[in-house]
Structures are given as structure tokens and as C-alpha cells.
Amino acid sequence: MTASNLSRPVRLLAISGSSRQGSLNRQLLGLAARKAQALGAEVTQVDLRELALPVYDDDWAAAHGKPEGAIKLRALFASHDGLLLSCPEYNALPTPLLINSFDWLSTVPAQDELPGGTGATSGKPVGLMAASPGALGGLRALPIVRTYLSTNFAMVVVPEQLGLPHADQQFDEAHGLVKPDLDKVLDRLVASVVRQARWRIAEQA
Ligand SMILES: Cc1cc2nc3c(=O)[nH]c(=O)nc-3n(C[C@H](O)[C@H](O)[C@H](O)COP(=O)(O)O)c2cc1C
């Protein structure tokens, strides 16, 4: 079977490191998700806030077990082929919401024929984006996210990435990007993730 003749569509998760109403990163992620759907992918949006994860705390886990939200995140990764991720930069770092969610995920053990947290992410492609009203577009945090996901979660972070500067001025009324050159970067990023995911599905068939 070739990557262009798959038994099922590519399934991607779409995660934003910000869950706030009016989030610029959610807006950018929504556009990336539509582009992936246009390429035939199925996209599941995950709101990290809805996972209701406490701040990571071993004592909490010893008293309560793994939070339901972490178990759910593991199941979502286990049933999807890749990830579109847009994360704001907070003081040159990824947001606590993102890191806390993935830290919890990393502690979920294999169970009921599902892999553990990092097993569920392993080998899956991820495309990185950031949006900021600032001039650097959140670019400073992206190498950290790249290292975090590739080193610890064994994800295949595609080389293309997009830091969207002045993001509060970059979306048109149809929620597209006003600058064609940035839109093309996003096209390439999304295409790269979908292509990698297709290869992966074809290899496993
Ligand atoms: C605690 C904090 C730290 C921030 N640090 C940065 C920063 O280092 N670089 C940057 O470009 N923007 C920074 N910002 C501004 C965010 O980029 C901005 O709030 C952005 O809109 C957040 O993403 P969102 O719209 O998806 O929620 C910071 C915001 C907060 C709340």
C-alpha cells in the first residue's frame, strides 16, 4: 500500500497552548486545522483547559491516581497519527498549560492494551506554530517545544514552523492570513505533517 492509497484518513490532534477566549494561537491552529482537512485529514481539536489537570504533583497522584484528563489525553494520542500545535511564548518559554498537560501525559502507564503516555506519542509527526502580538511571534519558545517533544516524547517534529508576529493584525475577516508568504509557510507546515502521518500509516499497513 502506498501513502496515497491509505485504508483510512490521517487523524490529527490540534492542540493550543492557550485556551483563553480570543486566543490568537487557537485562531492560528483553527486555520491550520482547516488546511489539514482540505488535504483529507480528520482533525480533533483538544482544549487543554477542559482536561482539568491539576498542577503536576506526585503527592496528588499518590492520593488520587492519574487524573482522568491525563488518561483521556493518552487515549487521544493513541488514536491519532500526529499533532498540530500552536503555543504562545510566556517569558521565552512554552505555557505552563502545555507543559503541565504533557508532563501528566508522560506519567500515564501502559494499560488495557494502550501504550503509556510517551509510547502514545512516539514516532508521530508534529507541526509547531506560535502566535504573538509581539514582533517575534513567539519564536523563542519554539526550539524548547521542539526539544521537549522530540527528545522526551519521541515525536517527529517537522522542520517547517511558523511564528506569527503581530498576530492581532494578521487575520482577515474570513480568518485567513493577510500575508500570502506566511500563509504559504503554514501550507508547507501542514502538508509536511499530513505527509509524514500518511507515510507512517502506510508503513504500518
Ligand atoms: C505571563 C506572560 C508572559 C508573556 N511573555 C511573552 C513573551 O515572552 N513573548 C511574547 O511574544 N509574548 C509574550 N506574552 C504575550 C502573549 O504572546 C500574548 O498574551 C498572546 O496573545 C498569548 O497567546 P494567546 O492569544 O493564544 O492566548 C506573554 C503573556 C503573558 C501572560
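Values quoted throughout were computed directly from the atomic coordinates according to the rules given, and no laboratory measurement underlies them. Everything quoted here is computed from the prediction, not taken from an experiment. Positions of Cβ are generated from backbone atoms using ideal geometry, with glycine treated the same way; all protein chains shown enter the neighbour counts.
Among the residues of the range 29-49, those identified as more than 12 Å from the chain's Cα centre (by Cα) and either more than 16 Å from the ligand (Cβ to nearest atom) or over 20 Å from residue 102 (Cα atoms) (or both) are 31, 34, 35, 36, 37, 38, 39, 40, 41, 42.
Check whether at least one residue in the range 112-120 is of a type in the set (Asp, Glu) and within 16 Å of the ligand (Cβ to nearest atom), and report yes or no. Reasoning before the result, please.
As a first pass, look at the range 112-120 and keep what is of a type in the set (Asp, Glu): 112-113.
Restricting the remaining residues to those that are within 16 Å of the ligand (Cβ to nearest atom) gives none.
No, the range 112-120 contains no residue that is of a type in the set (Asp, Glu) and within 16 Å of the ligand (Cβ to nearest atom).
Checking 162, 136, 149 one by one, the residue that is of a type in the set (A, V, I, L, M), under 21 Å from residue 17 (Cα atoms) and assigned to a helix (DSSP H, G or I) is 149 and no other. Tally up the residues in the range 46-70 that are part of a loop (DSSP other than H, G, I, E, B) and β-branched (Val, Ile, Thr), please. Selection size over the range 46-70: 1. Listed by first and then second residue, the pairs linking a residue in the range 79-106 that is more than 24 Å from residue 119 (Cβ to Cβ) to a residue that is more than 10 Å from the ligand (Cβ to nearest atom) and aliphatic (A, V, I, L, M), with Cβ atoms under 6 Å apart and 6 or more places separating them unless they lie on different chains, are 86/129. Taken over the range 124-169, residues that are surrounded by 15 or more Cβ atoms within 10 Å (Cβ to Cβ) and more than 12 Å from the ligand (Cβ to nearest atom) amount to 17. Only residues that are in contact (Cβ under 8 Å) with a residue 12 or more places away in the chain and within 13 Å of the ligand (Cβ to nearest atom): list them for the range 1-22, please. If the condition is that a residue be in contact (Cβ under 8 Å) with a residue 12 or more places away in the chain and within 13 Å of the ligand (Cβ to nearest atom), then 15, 16, 17, 18, 19 are the ones that fit. Against the conditions (1) surrounded by fewer than 17 Cβ atoms within 10 Å (Cβ to Cβ); (2) within 16 Å of the ligand (Cβ to nearest atom), residue 61 satisfies every one except (2).
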